[in-house]
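*Asks:* Please see the structure below; I have some questions.
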Amino acid sequence: MTIDLRGTWTLVELDDSSPAAGPRGPVHLTFDGDGQVYGMAGVNSVRGTWTLEDGRLQLGPLVSTLLAGDPEPMATEQALVALLREPLQVTVDEDRLRLAADDGSTALLARADPSVVLL
């Protein structure tokens, strides 16, 4: 089965907890067809590269803006970025994307509504 990550995904759960939205809206990632990933990790925007092989997602070096913010969105951002630095097992069920690291850290994302503009 082919896994198609292309598109925008909104973070629903991070390690079984609801993530804090940042000042510019919900945490989200967009995977494009050219191997680029970008989005909003909480307070800061992130950008990098991605590859998917045999159900394992590997993100290249992530770069981000360096803004400070409220503690809850910053904690969400730090946990998400730490997770994204790991090789991740990927499963897609309907419009839900689950990312799981070998240490047990997880993220659950939902495919974003294409009619909603995310910054």
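*Asks:* Could you identify which residue out of Thr106, Thr30, Thr65 has the top mean-square fluctuation in a GNM of the chain using Cα springs shorter than 10 Å?
*Replies:* Looking only at Thr106, Thr30, Thr65, the biggest GNM fluctuation is shown by Thr65.
*Asks:* Count charges around Ala110 for me, please; just the other residues with Cβ under 14 Å from its Cβ, Lys/Arg as +1, Asp/Glu as -1.
*Replies:* Working: positive: Arg96, Arg98, Arg111; negative: Glu13, Asp93, Glu94, Asp95, Asp113.
So the environment of Ala110 carries a net charge of -2.
*Asks:* Report the Rg/Rh value for the range 7-111, based on alpha-carbon coordinates and the Kirkwood definition of Rh. Could you put the intermediate results ahead of the total?
*Replies:* Working: Rg = 12.5 Å, Rh = 13.5 Å.
Expressed as Rg/Rh, it is 0.93.
*Asks:* Here is a further query. Give, as a single signed number, the net charge of other residues whose beta carbon lies under 12 Å from the beta carbon of Val37, with Lys and Arg counted +1 and Asp and Glu -1.
*Replies:* After counting each charged neighbour, the total is 0.
*Asks:* Dipole of the range 7-111 (Lys/Arg Cβ +1, Asp/Glu Cβ -1, origin at the Cα centre): which of Ala79, Leu52, Ser64 lies farthest to the positive side?
*Replies:* So the residue we want is Ser64.
*Asks:* If a/c stays under 1.5 just call it rounded; otherwise compare a/b with b/c (prolate if a/b is bigger, oblate if not). Do that for the range 11-63, with a ≥ b ≥ c from the square roots of the Cα gyration tensor eigenvalues.
*Replies:* Oblate, since a/c reaches 1.5 and b/c is not below a/b.
*Asks:* Give me the net charge for the shell around Leu88: Cβ to Cβ below 14 angstrom, other residues only, Lys and Arg +1, Asp and Glu -1.
*Replies:* With Lys, Arg at +1 and Asp, Glu at -1, the neighbours total -3.
*Asks:* Sticking with this structure for a sec: Once every DSSP H run of n ≥ 4 in the chain is given -39500 (n - 2.57) and the sum is divided by its residues, what mean residue ellipticity at 222 nm do you get, rounded to the nearest 500 deg cm²/dmol?
*Replies:* -4000 deg cm²/dmol
*Asks:* Continuing with this model, one more query. Could you size up the charge dipole of the chain around its Cα centre, putting +1 on the beta carbon of Lys and Arg and -1 on that of Asp and Glu, and report it in debye to the nearest 20?
*Replies:* My answer is approximately 360 debye.
*Asks:* Compute the angle between helix 71-84 and the longest alpha-carbon principal axis of the chain, please, reported from 0 to 90 degrees and rounded to the nearest 10.
*Replies:* Compared with the principal axis, the helix lies near 20 degrees.
The numbers here are math on the coordinates, done by the rules we state, and not lab data. Being a predicted model, the structure only gives us computed values, none of them experimental. When we count neighbours, we look across all protein chains shown, and the Cβ atoms used for this are built from the backbone with ideal geometry, even at glycine.
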